[in-house]
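A.B. asks: Sharing a structure below in structure tokens format, with a few things to ask.
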Amino acid sequence: MKSALSPDDFLPGETLLLSKGANLVIKPSEHGLGRFAFDRLMWVVGMKQKEALGGELHLTNYRLLFKTHGFNRLRGRISLFLPSLLEARDASFLFVRKIVVSTHLTRAEIVVWGIPEFLNAMQRAAGALSPADFEAMRAHAAAHPERVGAGLRVNATLEDLNDLALAGESVVELLKAAANPLEAIGSLALAELLSRTVEEGWQRLFNR
């Protein structure tokens, strides 16, 4: 169930700044998953028809990196590079503490505590990047795409268990769960980092 980073997770020149236990909130229908067995209870915490994947949220000098732990129906990691971010805001509702992080291509909803500290750390990390750092980041990410992350994949075993929980005791055999790879979120993050849109936006930050 480990979701800590290993040396192979880092890009050259990348350093870890902050880590927090977190949950990535997804809509199961968007990822080929069946309805979560307990979604009828999740309205209580403002997450009706959504599922929270447990793991750790890591902030480095390059990116946000969410890595799931093993006990999830989806397992993997996603990267959101700091220069690509359009918005990072507190989206807490009642007692659920969460942030929404958006880029041109992706939007992540992450349940995490200590939001002011984390958002401030993100701002400091983004503000500390120079144009030279940005170019180095792009080169390292392009050279090591496997470290960016290939998105998340369905954990068929836990999906089968969820099917069983949904159907109850009437089920006499497990239905084979779809284990299709999800959209490669990591590939989107890499393509976005290398795109002209991000390049032009990043340069404008330094030309004001």
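A.B. asks: In nm, to one decimal, how far is the modelled label at Arg124 from the one at Leu194, with both set 7 Å along Cα→Cβ?
C.D. replies: 3.3
A.B. asks: Using the basic label-point model (7 angstrom from Cα toward the beta carbon), what is the Phe93 to Ser19 distance in nanometres?
C.D. replies: 3.0
A.B. asks: Amide H to amide H under 5 Å from Ala22: which residues, 5+ apart in sequence or cross-chain, H placed 1.01 Å off N in plane?
C.D. replies: Gly55, Glu56, Leu57
A.B. asks: Exposure proxy check: Ile115, Ile99, Ile78 ranked by fewest other beta carbons within 10 Å? Don't skip to the answer; put the middle values down first.
C.D. replies: Details: Ile115 19, Ile99 22, Ile78 26.
Listing Ile115, Ile99, Ile78 from fewest to most nearby Cβ atoms yields Ile115, Ile99, Ile78.
A.B. asks: Can you pull out the chymotrypsin sites (Phe, Trp or Tyr not before Pro) in region 53-112 that DSSP calls coil and that have at most 10 other Cβ atoms within 10 Å?
C.D. replies: Numbers: sites: Tyr62, Phe66, Phe71, Phe81, Phe93, Phe95; in loops: Tyr62, Phe71, Phe95.
Listed in order of number, the matching sites are Phe95.
A.B. asks: OK, next. From the phi of every residue in region 60-65, what ³J(HN,Hα) in whole Hz does the Karplus formula 6.51 cos²θ - 1.76 cosθ + 1.60 yield, where θ is phi - 60° and glycine or proline is x?
C.D. replies: 10, 6, 10, 7, 9, 10
Every number in this text was worked out from the coordinates using simple rules, so none of it is lab data. Since the model is a prediction, treat every value here as computed from it, not as a measurement. Here the Cβ is made from the backbone with ideal geometry for all residues, glycine too, and neighbour counts use every protein chain on show.
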